[in-house]
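Peer 1: Sharing a structure below in structure tokens format, with a few things to ask.
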């Protein structure tokens with residue numbers, strides 16, 4: 001069997017490795033326009049920060065290691081066309097400039113996502129970066145070392161991780177976010193607390209401009225270097241470099257042109273076996289649509305953990321097995337220095353948009369016994385449906401163990417847990433780990449009272 005995989009970062013690399021283990025004699029090939037395969041793009045902000053010096057630590061598995069196992073890797077090769085009727089792809093060698101047709105028995109599309117670049121005048125100036133590839137990380141780190149003032153466009157996960165990286169390196173940062181607060185994936189009552197913490201814990205190095213967008217990058221005297229930023233509302237300031245982290249979108253061009261159906265989110269529509277509407281063509285990772293396991297509606301939330309799971313499921317089914325990927329909860333975690341931020345399930349604004357009658361509670365409590373020297377606060381938000389009492393989601397932030405509370409809720413969400421059920425959860429307790437009545441139990445009691 002000949003299995004062709006388009007894309008080789010997370011989902012594609014996982015699909016190739018799993019396929020080879022299941023079918024050792026299969027001809028398995030990865031085609032990617034990237035210069036590397038199987039690397040952690042999620043680790044780029046920490047490389048930029050200087051948490052480790054060698055970017056090669058981000059490479060999970062090298063091209064040589066793949067080829068030693070019998071998987072053929074074609075880097076700097078762009079697939080320009082899929083011909084389902086002929087079961088062929090057209091591939092361009094970006095180094096040589098030549099093109100060739102390659103046949104397949106099974107095709108896995110793992111083309112990932114691409115940075116969204118807003119319509120900004122002079123956006124092609126030097127020292128204007130996006131964050132996706134290893135080269136992006138290497139170039140940003142090199143530019144950062146020469147810069148003093150840095151502009152960030154967008155206030156999502158990667159942008160906040162980059163703020164931390166730049167502050168660690170004593171840079172002045174101006175972040176521009178079109179929403180009222182950064183991290184708008186959280187509810188506003190939580191994201192406003194996050195924004196306040198960042199501004200109060202950055203030694204004056206961070207400035208945030210909300211509800212505005214960049215209209216122009218100013219060039220420095222015909223050098224093609226960026227020297228300034230202008231916004232739609234008239235703000236202007238100097239900068240030595242810009243990083244655009246305004247979100248991503250799924251790479252679906254060649255799939256759509258070949259007749260592969262897209263979902264309502266704009267990503268490739270797949271079933272639980274990662275199959276598209278065309279026989280023998282599968283899709284996984286950031287280019288594929290997901291199902292939210294609470295609302296049972298299509299969503300598109302690109303995360304590395306999800307991509308790896310989907311790549312494995314696609315490979316199993318391609319190789320003749322039977323495996324389902326039921327969906328996601330959108331669980332996520334990030335940090336800004338001491339502040340941990342985590343979420344799972346639906347936010348209150350998402351739940352209301354989907355028609356749920358929501359009830360929520362927000363409380364702040366210590367994460368450990370008050371007399372322990374390492375005790376910190378955690379703020380937790382729980383959201384439930386008024387009619388069914390089912391928990392819909394959770395958000396937690398704090399310098400304490402916020403993510404372990406969210407992870408507990410994520411397991412409950414899979415099982416349709418009600419607010420009342422949380423009161424019976426037998427959580428571990430010892431003074432260095434939690435309070436005798438954990439914040440989850442306290443929040444559940446208040447939530448149950450409000451529901452009743």
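The values are calculated or read from the model by the stated rules, or taken from the named source; none is laboratory data. If you're wondering where the values come from, they're calculated on a predicted model, not measured in any experiment. Virtual Cβ from ideal backbone geometry, glycine too; neighbours counted across all protein chains shown.
Peer 1: Going through 182, 120, 138, 153 one at a time, which residue ends up being under 29 Å from residue 76 (Cβ atoms) and in contact with a helix residue (DSSP H, G or I) (Cβ under 7 Å, 6 or more places away or on another chain)?
Peer 2: After ruling out the rest, the residue left standing is 138.
Peer 1: Sticking with this one: Consider residue 244 carefully, then state whether it is under 21 Å from residue 131 (Cα atoms), crowded, with 17+ Cβ neighbours inside 10 Å and within 24 Å of the chain's Cα centre (by Cα).
Peer 2: Yes; evaluated as a whole, the condition is true for this residue.
Peer 1: Would you confirm whether or not the range 286-293 contains a residue that is in the same structural domain as residue 24 (by TED's automatic domain parsing) and over 30 Å from residue 23 (Cα atoms)?
Peer 2: yes
Peer 1: Let me ask something additional. Run down 88, 63 and say which single residue is under 21 Å from residue 287 (Cβ atoms), surrounded by fewer than 23 Cβ atoms within 10 Å (Cβ to Cβ) and without any contact (Cβ under 8 Å) to a residue 40 or more places away in the chain.
Peer 2: After ruling out the rest, the residue left standing is 88.
Peer 1: Would you mind telling me which numbered condition in (1) assigned by TED's automatic domain parsing to the domain that holds residue 21; (2) buried (at least 16 other Cβ atoms within 10 Å of the Cβ) residue 280 fails?
Peer 2: Going through (1) assigned by TED's automatic domain parsing to the domain that holds residue 21; (2) buried (at least 16 other Cβ atoms within 10 Å of the Cβ) one by one, residue 280 breaks only (2).
Peer 1: Sort out which residues of the range 208-230 are loosely packed, with under 14 Cβ neighbours inside 10 Å and either under 19 Å from residue 194 (Cα atoms) or not assigned by TED's automatic domain parsing to the domain that holds residue 162 (or both), and write them in order of number.
Peer 2: 211
Peer 1: Hey, any hits in the range 306-317 for a residue that's surrounded by fewer than 16 Cβ atoms within 10 Å (Cβ to Cβ), outside the structural domain of residue 352 (by TED's automatic domain parsing) and without any contact (Cβ under 8 Å) to a residue 24 or more places away in the chain?
Peer 2: no
Peer 1: If you check residue 381 against the conditions, is it out of contact with any strand residue (DSSP E or B) (no Cβ under 6 Å at 6 or more places or on another chain) and surrounded by 17 or more Cβ atoms within 10 Å (Cβ to Cβ)?
Peer 2: no
Peer 1: Name the pairs: first residue in the range 218-246 and at positive phi, second residue assigned to a loop (DSSP other than H, G, I, E, B), Cβ to Cβ under 6 Å, at least 6 apart or on different chains?
Peer 2: Within 6 Å, the pairs are 224/125.
Peer 1: Against the definition (crowded, with 20+ Cβ neighbours inside 10 Å, free of Cβ contacts under 8 Å to residues at least 60 places away in the same chain, part of a loop (DSSP other than H, G, I, E, B) and under 26 Å from the mean Cα position of the chain (by Cα)), how does residue 181 come out, yes or no?
Peer 2: Against the criterion (crowded, with 20+ Cβ neighbours inside 10 Å, free of Cβ contacts under 8 Å to residues at least 60 places away in the same chain, part of a loop (DSSP other than H, G, I, E, B) and under 26 Å from the mean Cα position of the chain (by Cα)), residue 181 qualifies.
Peer 1: Another question, if that's okay. Please work out which one of (1) surrounded by 16 or more Cβ atoms within 10 Å (Cβ to Cβ); (2) closer than 23 Å to residue 301 by Cβ; (3) in contact (Cβ under 8 Å) with a residue 40 or more places away in the chain is the condition residue 147 fails and give its number.
Peer 2: In the conditions (1) surrounded by 16 or more Cβ atoms within 10 Å (Cβ to Cβ); (2) closer than 23 Å to residue 301 by Cβ; (3) in contact (Cβ under 8 Å) with a residue 40 or more places away in the chain, residue 147 misses (2) alone.
Peer 1: So for the range 112-128 (the condition being more than 25 Å from residue 225 (Cα to Cα) and loosely packed, with under 13 Cβ neighbours inside 10 Å), does at least one residue qualify?
Peer 2: Among the residues of the range 112-128, not one is more than 25 Å from residue 225 (Cα to Cα) and loosely packed, with under 13 Cβ neighbours inside 10 Å, which makes the answer no.
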